[in-house]
Amino acid sequence: FARDTHAGQRGIGALAPDGRTVFLAPAHEAGTAVSAIVAVDAATGAERTVVALDAPVEAGVNAVWVSVAVSPDGRTLAVMHYTTFGNKARVFTVGVDGSGMREVVGSVDAGWVGYGSTLRWAPDGQSLIFLAFDANRNWRIMRVPASGGAPVPDGLDYDTLQALLPGTRLFAGNTNGFDVSPDGSRIVVSTFTVSMTQVWSLDNVPG
């Protein structure tokens with residue numbers, strides 16, 4: 001199937017574990033906000049709405065960003081949805097059938113996070129891992145129980161990565177996204193340096 005989601009407007013998607021369904025957050029017209037999470041049958045292209053999204057409080061390119069992640073058992077979506085331009089986002093979960101919507105984090109400083117994923121499930125399905133920014137506008141990876149609670153740093157952030165790479169000058173205010181290995185032992189981060197984009201795989205990060 002094919003969908004014009006205006007990827008330049010951050011139409012980010014995720015594939016169900018069984019490979020049969022793709023979950024998308026399309027912006028069907030350039031410059032417009034994402035209005036829903038939809039499920040698309042990978043074989044037929046049939047589309048259904050999972051959950052409608054409120055319009056962002058403020059307009060702007062960042063306000064259309066949505067990151068979607070599917071739980072390991074394929075039953076629940078986690079969504080990170082920008083609510084103000086280049087600043088705040090919320091995190092919630094919802095069943096793939098649209099039921100049981102639950103707010104996990106009401107507001108987080110999401111900053112400007114580039115083009116990659118900002119949200120992942122932990123492999124055990126018990127917590128969510130996401131990108132946020134601290135008071136100095138430096139990126140950090142956070143973890144929160146999927147049932148809701150207070151987010152806590154997950155051990156990897158701009159300062160930690162910069163200390164591990166003393167010969168590389170990182171760009172503090174931005175990261176492109178991250179991913180978590182299936183067993184949860186590794187995190188892959190993509191972020192800007194002053195002169196280029198690089199990718200690192202880090203083992204045994206304290207935290």
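Scanning segment 15-36 for residues that are surrounded by 17 or more Cβ atoms within 10 Å (Cβ to Cβ) and at pLDDT 90 or above returns ALA16, THR21, VAL22, PHE23. When segment 144-168 is filtered for residues that are open to solvent by 40 Å² or more (accessible area, probe 1.4 Å), farther than 20 Å from ASP134 by Cα and without any contact (Cβ under 8 Å) to a residue 40 or more places away in the chain, the ones remaining, listed by number, are PRO166, GLY167.
Counting the residues of segment 127-142 that are of a type in the set (D, E, K, R) and over 16 Å from VAL188 (Cα atoms) gives 2. Looking only at segment 175-197, residues that are touching a Ser or Thr at 6+ places or on another chain (Cβ under 7 Å), at pLDDT below 80 and not small (Gly, Ala, Ser) come to 6 in all.
The values are calculated or read from the model by the stated rules, or taken from the named source; none is laboratory data. These figures come from a predicted structure and were not determined experimentally. Here Cβ is always computed from backbone atoms with ideal geometry, including for glycine, and neighbour counts include all displayed protein chains. Each accessible area value is taken on the protein alone, full model and side chains, heavy atoms only, with ligands, DNA and RNA left out. Shrake-Rupley method; radii C 1.70, N 1.55, O 1.52, S 1.80 Å.
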